[in-house]
Amino acid sequence: MTISTYGAALHHAVKGPGLRPAPGTPLDHAARDVLEMAGAYARDGMNFLEKGDPVNAIAAFAYGAAWLDAGSRLGLFDRTDSLPPVLDGEEVPPLYISLLHDKTTKYRGMLSRALAAVADAPDPSSPLRAATEAFLTRARQALEEGNALLVRAQPLPALSWYAYGHGWLDAGVRTGVLSIRGDRSLFAVEIP
């Protein structure tokens, strides 16, 4: 999948999911928040792509896709498909090579630190505890996938996986599935 195809798939997915929770409920608020974040990153990615910046575009698309996938995993949307970042043969213009390496290193570190900064939020007896495990597992898998791609000298797909993994953690914090026990600046939450 190319970056533009991935972005188009995310843009389409953001328009399509029906909200499951009853209007006005806390879960409705969470669903709308998740959808808003996914949509904002889809739009950001399109703007970067239109400017010819594939590096920031893929980071935004993967991050937004993670929010949408995380919300679907929680059952907030009528949606069964998933959008993990699987890129094929995408070339980065020479102008963006330095940015790609810097951003990939930054996102790898952010995802690693974010994994260390979160903890289970729901009580062990809560049905939401399974979601906690799913969110943490998905973020760890994304880190592993990104690391494997870096070993194979594929920094653009690695960046997409790091952004995707971080998006899962961020969505987990915003929906109450995860709690922050470390650096709050790593997440899209207000700092008290």
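Tabulated values for the structure
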{"item": "The chain - charge dipole about Cα centre, Lys and Arg +1 at Cβ, Asp and Glu -1, debye rounded to 20", "result": "240"}
{"item": "Dimensionless Rg ratio for the chain, taking C-alpha atoms and the 2.2 N^0.38 Å reference", "result": "0.99"}
{"item": "Fewest-first ranking of THR175, THR80, THR2, using other Cβ atoms within 10 Å as the exposure measure", "result": "THR80, THR2, THR175"}
{"item": "Alpha-carbon centroid distance for the pair the stretch 47-102 / the stretch 132-165, whole angstrom", "result": "12"}
{"item": "Most fluctuating residue given options ILE97, ILE180, ILE58, as computed from a GNM of the chain linking Cα atoms under 10 Å", "result": "ILE97"}
{"item": "Highest-fluctuation residue, SER72, SER98, SER179 considered, GNM on the chain with Cα pairs under 10 Å", "result": "SER98"}
{"item": "Cα long-axis angle, helix 54-73 against the chain (0 to 90 degrees, to the nearest 10)", "result": "20"}
{"item": "For the stretch 64-123, the spread of Cα positions along each principal axis, largest first, Å", "result": "47, 29, 13"}
{"item": "Electrostatic dipole magnitude of the stretch 84-148 [Cβ: Lys, Arg +1; Asp, Glu -1; Cα centre; debye, to 20]", "result": "260"}
{"item": "DSSP-loop trypsin sites (Lys or Arg not before Pro) across the stretch 28-120, with at most 13 other Cβ within 10 angstrom", "result": "LYS51"}
{"item": "Between 0 and 90°, nearest 10: helix 3-15 axis offset from the chain longest Cα axis", "result": "20"}
{"item": "Isotropically averaged projected area of the stretch 108-192, using the convex hull of Cα atoms (one quarter of hull area), nm²", "result": "5.3"}
{"item": "Within the chain, helix-based [θ] at 222 nm, where runs of 4 or more DSSP H residues each add -39,500 (n - 2.57), nearest 500", "result": "-22000 deg cm²/dmol"}
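Since every read-out is calculated from the coordinates, none of them should be taken as a lab result. Given the structure is predicted, the values throughout are model-derived calculations rather than measurements. A quick note on method: Cβ atoms are made from the backbone with ideal geometry, for glycine too, and the neighbour counts reach across all protein chains shown.
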